[in-house]
Amino acid sequence: MPRPSLLTLAALGTLLTGCDLVSVVDPPSDERSADPVAVARIIWTFDTAYRGGAVTMAEDVAVHHLVFDTTAFYGDDACRDFYAAYTMQAGRIVPADFLIQTGTCCGETLGVDHLDQAFTLRIDQHLLTITAGTDVYRYRSAYREPVSARSWVDQPWRLHTSDDEELRALEAADVPSLRLGADRTYAITWNCTDEGTSCSAFTGLWGLGEQGALQLYGQGGRTSGGGAAAAATVAKLHQATRLRTEGQELVLVDEVDAITHRFRHP
């Protein structure tokens with residue numbers, strides 16, 4: 001999912017074309033220090049890196065996500081998923097037990113060297129700055145303002161229809177539910193009732209991206225009891241990466257398979 005850069009070009013020196021780097025006069029330094037708790041559960045997307053007197057733009061590398069929790073951070077790019085617990089020491093984040101799961105790479109990636117060492121956080125409106133040694137990395141936030149006032153937050157939503165044939169075939173009384181929390185988490189559940197013989201639950205984070213686009217960042221899921229086949233069908237909802245509102249509906253968008261799933265308030 002390509003993201004437009006928010007970098008102010010007035011701070012740059014000579015701008016090159018294509019995937020080349022940009023020489024820089026001086027990286028921005030007007031941010032204030034940030035505690036990881038203040039940026040927890042926010043989806044951050046890489047924007048710009050100042051490394052060795054040059055700048056790497058978001059357009060030069062595969063999309064790179066980063067999410068902080070109160071005791072750990074995690075993320076992904078086109079090559080890998082990564083996770084690390086951390087502690088705070090002298091105002092710096094010190095990672096531990098850095099774990100990387102590598103898959104098939106697709107294109108140039110940012111890498112994670114700046115996260116596998118002690119670093120500091122600074123924040124300025126929708127930009128998060130990580131300083132690791134002499135290198136500076138800037139990320140854009142998906143959503144930082146309070147969201148509890150939005151009418152569709154903390155409300156139950158039920159699947160109404162889907163472009164996926166197997167999801168459409170689910171009985172009306174047994175369709176998945178969706179809830180977007182004011183804490184920027186979301187949950188997709190199916191058959192998780194006292195009467196249900198099986199239960200599937202998928203969780204993640206949601207946030208607001210550029211131009212008002214809502215994005216989803218899946219974290220994981222669990223299934224208990226029987227009904228593995230039906231649970232696999234419901235798991236397709238967890239592949240959605242975008243969310244939009246259309247009238248009285250919430251629409252999940254699976255950009256990979258180019259399909260949508262529509263939810264309505266009961």
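The values are calculated or read from the model by the stated rules, or taken from the named source; none is laboratory data. In this text the structure is predicted, and so the values were computed from the model without any measurement. Don't worry about glycine lacking a Cβ; one is built from the backbone with ideal geometry, like all the others, and counts go over all protein chains shown. Each accessible area value is taken on the protein alone, full model and side chains, heavy atoms only, with ligands, DNA and RNA left out. Shrake-Rupley method; radii C 1.70, N 1.55, O 1.52, S 1.80 Å.
Please work out how much accessible surface Asp116 shows to a 1.4 Å probe, ignoring ligands, DNA and RNA, in Å² rounded to 10.
90 Å²
Using r as the Cβ-Cβ distance of Thr245 and Gln219, and R0 as 35 Å, what FRET efficiency do you calculate, to the nearest 0.05?
0.95
What FRET efficiency comes out for the pair Ala118/Cys192, r = Cβ-Cβ distance, R0 = 41 Å, nearest 0.05?
Rounded to the nearest 0.05, the efficiency is 0.50.
Read phi for every residue in segment 92-101 and hand back ³J(HN,Hα) as whole Hz from Karplus 6.51 cos²θ - 1.76 cosθ + 1.60, θ = phi - 60°, with x for Gly and Pro.
Once rounded to whole Hz, the list reads 10, 8, 10, x, 9, 6, 5, 10, 10, 10.
Return the carbon/sulfur percentage of the accessible area of segment 83-182, one whole number, probe 1.4 Å, all protein chains in place.
46 percent
Please compute the modelled spin-label separation between Leu99 and Glu171, points set 7 Å along Cα→Cβ, answer in nm with one decimal.
Placing both labels 7 Å along Cα→Cβ, they lie 3.8 nm apart.
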